[in-house]
Amino acid sequence: MPTRKKHAADSTLEERIKRLEEIEAIRKMKAEYVLACDERRWDDAMRYFTSRAVVAFGPFGKFESRQELEKFFKETMPVTISFTVHRLSNPIIEVKGDTAKGIWYCEIPSTHIPTNKAIVQQGTYFDDYIKEGNEWKHTKLDLVYSYITEFGEGWVKKNMVAV
C-alpha cells in the first residue's frame, strides 16, 4: 500500500523527475482505462491489464483470468450497466522501479439496466501496476465499494452494498 514516505532526501533530482514522470504516466493510463469503460470500448479497456491481472469489482465479481474479465466486460456489462461516468480523485501512487501501487477514490454515476434507474457507485480502487515495455498496466485492480445507491435515495436510505 502506498505510504507517505518522502523520497527527496535519498534521491537525485534526475531520479525524482523520473518518478514524477512515471506517476504521471500511471495517472494517464488510469484515465484512459476509465474513459474506455465509459465509452464501452471493451477491447481498449482490456489493453490496460497484464495477461495475468486479477480484477475485483465488489458485488459485480472477481476475475482471475483475462478471459473471465473480457467476458464480464463484453457480456455482463451490456446487460447490467448502460451508462457510466467515472470520476477519479485523490490518487496516491508509489513507484518502485517497474512496479507501482495506487489508491484512488472513485464515484460513478450510472444507469442500472435491470431496474432502469440512475444509481451512484462509490468506492476505492486499490491497484498494483507493472511497466511492460514503455506502458504501465494493471496487475491487480480491486474496487472496494463504499456504497451503490439509487440516485434519489442516497446511501443513507438505500445502500445496495453490505458495509
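Within the stretch 56-107, track down each residue that is farther than 20 Å from I23 by Cβ and among the polar types (S, T, N, Q).
S65, Q67, T76, T80, S82, T84
So which residues in the stretch 123-136 are surrounded by fewer than 18 Cβ atoms within 10 Å (Cβ to Cβ), in a strand (DSSP E or B) and of a type outside the set (D, E)?
Listed by number, the residues that qualify are T124, F126, I130, K131.
Please go through (1) surrounded by fewer than 16 Cβ atoms within 10 Å (Cβ to Cβ); (2) touching a strand residue (DSSP E or B) at 6+ places or on another chain (Cβ under 9 Å); (3) over 23 Å from S82 (Cβ atoms); (4) at pLDDT 95 or above for M1 and return the number of the only condition it doesn't satisfy.
It is condition (4) that M1 fails.
Would you say I113 is over 15 Å from the mean Cα position of the chain (by Cα) and among the aliphatic types (A, V, I, L, M)?
yes
Do we find that V79 is farther than 18 Å from R40 by Cβ and modelled with pLDDT of 95 or more in this structure?
No; evaluated as a whole, the condition is false for this residue.
The values are calculated or read from the model by the stated rules, or taken from the named source; none is laboratory data. Since we're looking at a predicted model, the values are computed, not measured. Backbone-built Cβ (ideal geometry, glycine too); neighbour counts: all protein chains shown.
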